[in-house]
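The values are calculated or read from the model by the stated rules, or taken from the named source; none is laboratory data. Since this is a predicted model, take the numbers as computed values, not measurements. Please note: Cβ atoms are built from the backbone with ideal geometry, for glycine as well, and neighbour counts cover all protein chains shown.
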Amino acid sequence: MEKSESIFINRELSWLDFDSRVLALAKEKTVPLGERLKFAAIFGSNMDEFFMVRVGSLYDQTLVKNNKTDNVTHMTAAEQIAAITPRVAELQAKCDKYFQHLVTALAQEGYRQYEISNFACPGHEGRHNLLYWNCKDYWGIGPAAHSCLGSVRRFWPNDTAAFIAGTVQEQYEGPCNAEDYLIMQLRLCSGLNLTEYAARYGVRFDAGQMAFLRHCAASGYAVLDGDTLRLTPTGMIVQNAILEELI
């Protein structure tokens, strides 16, 4: 019997195995529905951190090109990234599938998805958040508070003592422009009214973008209903990729 070179596995691949067990709880039907949704969210948060910290560090090592290896499995940074990539793709595909099942299950319990990351019983949607996503006026007062009045965004500095002393003023942040409006409207399940978009900002999608949207609709990622463009639950998952083609 050949002796194994190591009793350990690569740290990054081990971490992905751990996160796969977190994700498995999002599928487990004996776990209460709300908790399953939390586990799916924890998986996503963990994966964000994994890429920002661990994969980011490995990528930096590839730029140095010193072929330094992991002291346990003797894998170079490039080899670790090559091993991580298909495993992440597999796990993310599972998470996307589980999340769509959870959206359906929540709707059956009366919690309708009305925004990319928000669910509520009809009539109980977040009124302040809807103002924000629809680029309507809201006024925030206090340290770190943000406002948008007349399509102009402003904020107060995050300094409680200075705010109480009256030594700071509200600061200009920038306009609520066409890109902001597009991003916010496609977060909402109600979608983007193309006529209103053109009337407010003078923006219309070009022929290539419209062809892309028709492809999205044919593939189940979006619905083009007259003047309204809205993303399906499947489309919500890849919203960033869709926005890249439209901005």
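Every residue, every condition in (1) over 30 Å from Asn177 (Cα atoms); (2) exposed (fewer than 12 other Cβ atoms within 10 Å of the Cβ); (3) more than 20 Å from the chain's Cα centre (by Cα); (4) not polar (S, T, N, Q), yes or no:
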site: Asp96; (1), (2), (3), (4): yes, no, no, yes
site: Gln100; (1), (2), (3), (4): yes, no, no, no
site: Glu115; (1), (2), (3), (4): no, no, no, yes
site: Lys136; (1), (2), (3), (4): no, no, yes, yes
Check: Since Phe155 meets every condition but one in (1) modelled with pLDDT of 95 or more; (2) surrounded by fewer than 11 Cβ atoms within 10 Å (Cβ to Cβ), which condition does it not meet?
Finding: (2)
Note to self: Please go through the range 9-28 and give me each residue that is touching a residue at least 40 places away in the same chain (Cβ under 8 Å) and over 21 Å from Leu102 (Cβ atoms), ordered by number.
What the structure shows: Ile9, Asn10, Arg11, Glu12, Leu13, Leu16
Next item on the list: Sort out which residues of the range 208-224 are within 26 Å of His101 (Cβ to Cβ), more than 19 Å from the chain's Cα centre (by Cα) and touching a residue at least 24 places away in the same chain (Cβ under 8 Å), and write them in order of number.
Entry: Val223
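Scan the range 100-109 and tell me whether some residue there is among the aliphatic types (A, V, I, L, M), in a loop (DSSP other than H, G, I, E, B) and without any contact (Cβ under 8 Å) to a residue 24 or more places away in the chain. Break it down into steps so the answer makes sense when it comes.
Step one: filter the range 100-109 for residues among the aliphatic types (A, V, I, L, M), giving 102-103, 105-107.
Applying the additional criterion that residues be in a loop (DSSP other than H, G, I, E, B) yields none.
Within the range 100-109, not a single residue is among the aliphatic types (A, V, I, L, M), in a loop (DSSP other than H, G, I, E, B) and without any contact (Cβ under 8 Å) to a residue 24 or more places away in the chain.
I'd like the residue in the range 122-150 that is hydroxyl-bearing (Ser, Thr, Tyr) and modelled with pLDDT of 90 or more and, out of all such residues, is nearest to Leu194 (Cα to Cα). Outline the logic, then answer.
Quick first cut of the range 122-150, residues hydroxyl-bearing (Ser, Thr, Tyr) only: 132, 138, 147.
With modelled with pLDDT of 90 or more added as a condition, the list becomes 138, 147.
On the way: Tyr138: 24, Ser147: 26 Å.
Top of the filtered list is Tyr138.
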Next item on the list: Quick one: Ser190 ticks every box in (1) buried (at least 16 other Cβ atoms within 10 Å of the Cβ); (2) within 21 Å of the chain's Cα centre (by Cα) except a single one, so which number is it?
Entry: (1)
Notebook entry, point to check: Where residues in the range 57-93 are touching a helix residue (DSSP H, G or I) at 6+ places or on another chain (Cβ under 9 Å) and of a type in the set (Gly, Ala, Ser), which of them is surrounded by the fewest Cβ atoms within 10 Å (Cβ to Cβ)?
Noted result: Ser57
